[in-house]
Amino acid sequence: MGIPLSALIIGQPADAQHVVDALERAMCTPIYKCINDDPTILAELQSSSWDLAFHCRPATQGTDLGMLRFMRDAKKHGVLVIFLSENYSDEDAANLVGFGAQDCVPKKHAHRLLVAIKRALNVVETRRAETQTMAQLQAERFLLNQLMSNMPDMIAFKDLDLRYTRINKAGCQKFGRDESEIIGCTLSEVANFSVDSSFDEVDVINSGKVDVDRVERVVLRNGNARWISSTRAPIRDGRSAITGLMVIARDVTRRKRIEEESRIAGQRLKQVLDLASEAIIALDDKLRIIVFNQQAEETFGYSAAEALGQHLNMLLPPHAIEQHNRNVLEFRNSPEDRKQMDAPGRVKGRRKSGEEFPVEASVSKFLQDEGCHYICVVRDITSRISLEKRLVQSQKLEAVGQLTGGIAHDFNNLLLVIIGNLDLLKDTTPADSPSLELIESSLTAALNGSELANGLLTFSRQHTFKVETIDLAAIVGDQSRLLKRAMGRGVTLELMSSEENVFQVDVDTTQLRCALTNLAVNARDAMPDGGTVTVRTYNKTLAEPDPSTADGLPAGDYAVLEVSDTGTGIPPETLQRIFDPFFTTKEVGKGTGLGLSMVYGFVKQMNGKINVVSEVGKGTRFSIIFPRASEQKMAPERIPVASPAKNHETIMVVDDDEMVRKSVMSQLRSLGYTVIEADCPAEALNKIARQEEFDLILSDIVMPGGIDGVELARLARQQGHKVLLTSGFPDLKTTHSGGETFDSGSVLKKPYRRADLQQAVRAALGGQSATRPHGTSFPETDAPFPPSTCTTPAPRHDPEKAWPELDPGWQSAVGQDHVQAES
């Protein structure tokens, strides 16, 4: 396909054919028109766009004024003219070329015509390229003008002296000036603001590098601040030489304000998330972590920087990943928006250390960016499960404690009858009688049974202690000789104490010595091949509560007694039961299982805590923690006991147990007293109302019906009678009916010997009643007593009145938080 070319042929049709043939030989595709009328020629030049015009008329006609006008019009419209004639002279040809003709070729020289056409084609193509370039330049200028006029950003050009050479409408508005006032000026000459920046535009010119999106703060003359984002680029010429600078600037104050508000909102959201007590984790549609709050860091052990962008699988145990992915897919496709996962023991998390732990999680989903995103609220329930186990253990021990307390109380009543009767038999048996030895052995066995009952009461927190303010380290030192003898061969006893004075504590010294001996002997037995038992005392001061200790240790000062060994240690399954009564790992006949339970009951009654740490093969450490004594205790004042020559008084014995009542009455009669009896408090009150003669009321505390022994004592004292109370399981301080608090130190404890009974009765008769409430006075009253209607309900003891309310946390030290293995 040839070069397209439009040609106007002036001449005859034969001339036109001759020209077309030549054009085709020159590889052109001609579009032509042949005319021969002068007016038509001029009109055609004016109305149409022609590349070439071929003038084929004779020379006699080509030198006239019309031909000159044709040449002028052709030149005016950019048409190249080639003259073809057989009679042109060389002078004519020179004149025509001088007037602007492209060429003048004789018709008879066809090859010269072809050369002339090719030469003309080169000119045509050059003109076409120039025309296209100019058109493109004009289009670019138009677009640039449109861009500068319509852009909201300031666009400006500067020369090498940084003076404006051009600026758009938006720039003029920024400066508040017309373009004519800005062109030729520098920024400092036209600006209505100051720039908080040390940036120098000369640096861009010198470096030749583009400075993109530089954000600068400008302060207007009215004091308002704005933020401007600008891009500066060097302007280069065709030889890449820098000739100036282009500046594009945009007011980004609103964007900056939104960014700042978003930053502040993000900080507030992070603060809220970090204050949450649960781990909060947000996930994208591919389960990659996009939010990881502070609690999540503490729970899983990863920092936010380590977790963000990672897959959720990093927080799951390997064996749970496959099932979890199935659950996520099921949840994604379900209609529910929230799912709770809280099956204890089945939902697990994994810390950075690799440790697995139980969790409960609440998962919510929401759509964002056409994807399903998730928010997970995760709670570590390790402590809760531990507390639940401790609660079960505490409830079990509480039930056992109540059972043992009740058994001990009834056992003491039985022992009271046995010991009392044996005392009477002993007094009436001749010294040389063979029965005396049997009586003595029976009495010894009964007294040993009493010690066993006291052990049960210690465990159930119903044993009465003699509390003194003592030096813990001094007691350990005094006990060291006995402990060393008890260690045996191969076991070394080490005593350690802090350099500072160990705090004094309020405890029962006898029970403390027993507890220390018990722990030391247990430590010895845990080292069959020998080892070291270390007894240590030291101070412990807590500025704030310590939840890591048994039941949580409040802030304050404490003295610690620690017994540790290097023995076999205690397996975890055994560690949970070491304080259970009658539980022992020793062989039959070598342990009762009451030793540690008695230590535990004693420590709890002294308001102390006991911790056990053990690891199999490495040893065990028992730590007994007592609060520091607040003040020095004074020894109780003794009441002098009267010793008359004869016991002539009358005593009313009140007890619902007939066997106990008859035994006590027999002992009192053997001591010379006159005795009357009442099988319940109501009957005793009726005897008082009938003004029967007696000097003392000896009453049990725990009795059925609406009135117990303490209430009887209160009502009897209102009438001026003396009362002595007795009980099988008195506690330290018990609040009974009427709201008064009685000191159980003045209560005669069952079982007692006849001598103890004599001493207590003489004290009650000779001085103030031993059961008078401390700090309580009773008003005189003439109120009638209830009728003597004594009924015996099914239970022997009323737990609401007879048993003290147990501290709900007293047995929790065997929970998993406090019986732990050393690492």
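See the values below:
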| quantity | calculated |
| --- | --- |
| Karplus (6.51, -1.76, 1.60) ³J(HN,Hα), θ = phi - 60°, over segment 415-420, in Hz, Gly and Pro reported as x | 5, 4, 5, 5, 5, x |
| Peptide ranges 166-174, 330-338 listed from the most packed, as the mean C-beta count within 10 angstrom indicates | 166-174, 330-338 |
| Highest to lowest packing among 756-766, 377-387, scored as the average C-beta count within 10 Å | 756-766, 377-387 |
| In order through segment 29-43: 3J(HN,Hα) via Karplus (6.51 cos²θ - 1.76 cosθ + 1.60), integer Hz, x for Gly, Pro | 10, x, 10, 9, 8, 10, 9, 9, 9, 4, x, 5, 4, 5, 5 |
| Cα gyration tensor, segment 95-137 - rounded (a/c under 1.5), prolate or oblate | oblate |
| Amide H within-cut-off set for residue 243, under 5 Å, with H built and near neighbours excluded | 235, 236, 237 |
| Where 164, 302 fall by accessible area, highest first, once all protein chains stay in place (1.4 Å) | 302, 164 |
| Normalised contact order of segment 1-53, rounded percent, pairs of Cα under 8 Å and 6 or more residues apart | 50 |
| Segment 104-230: Lys pairs at Cα distance under 18 angstrom, eight or more positions apart or on different chains | 5 |
| Residue 77 accessible area, 1.4 Å probe, all protein chains in place, Å² to nearest 10 | 80 |
| Value of relative contact order over segment 262-345, rounded to a whole percent, pairs C-alpha under 8 Å and six or more apart | 18 |
| Subset of 348/540; 286/348; 426/749; 426/466; 256/286; 339/389 violating a 25 Å alpha-carbon distance limit | 348/540; 426/466; 256/286; 339/389 |
| Net lengthening on full extension, residue 433/residue 541 (0.36 nm per residue, minus Cα-Cα) | 32.5 nm |
| Hz values of 3J(HN,Hα) by residue in segment 248-259 - Karplus curve (6.51, -1.76, 1.60), Gly and Pro given as x | 10, 10, 9, 7, 10, 4, 5, 4, 5, 5, 5, 4 |
| Percentage relative contact order, segment 135-229, counting C-alpha pairs under 8 Å, at least six apart | 17 |
| Cα gyration tensor shape of segment 254-295, rounded if a/c is under 1.5, else prolate or oblate by comparing a/b with b/c | oblate |
| Residue 349 long-range amide H proximity, modeled H, under 5 Å | 357, 359 |
| Cα shape, segment 473-567, gyration tensor, a/c 1.5 rule | prolate |
| Amide H contacts under 5 Å for residue 380, placed H, 5+ residues apart | 279 |
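The values are calculated or read from the model by the stated rules, or taken from the named source; none is laboratory data. This one's a predicted model, so the numbers in the text were calculated from it and none came from an experiment. Here the Cβ is made from the backbone with ideal geometry for all residues, glycine too, and neighbour counts use every protein chain on show. Note: accessible area is taken over every heavy atom of the protein model, side chains too, but ligands, DNA and RNA are not part of it. Shrake-Rupley method; radii C 1.70, N 1.55, O 1.52, S 1.80 Å.
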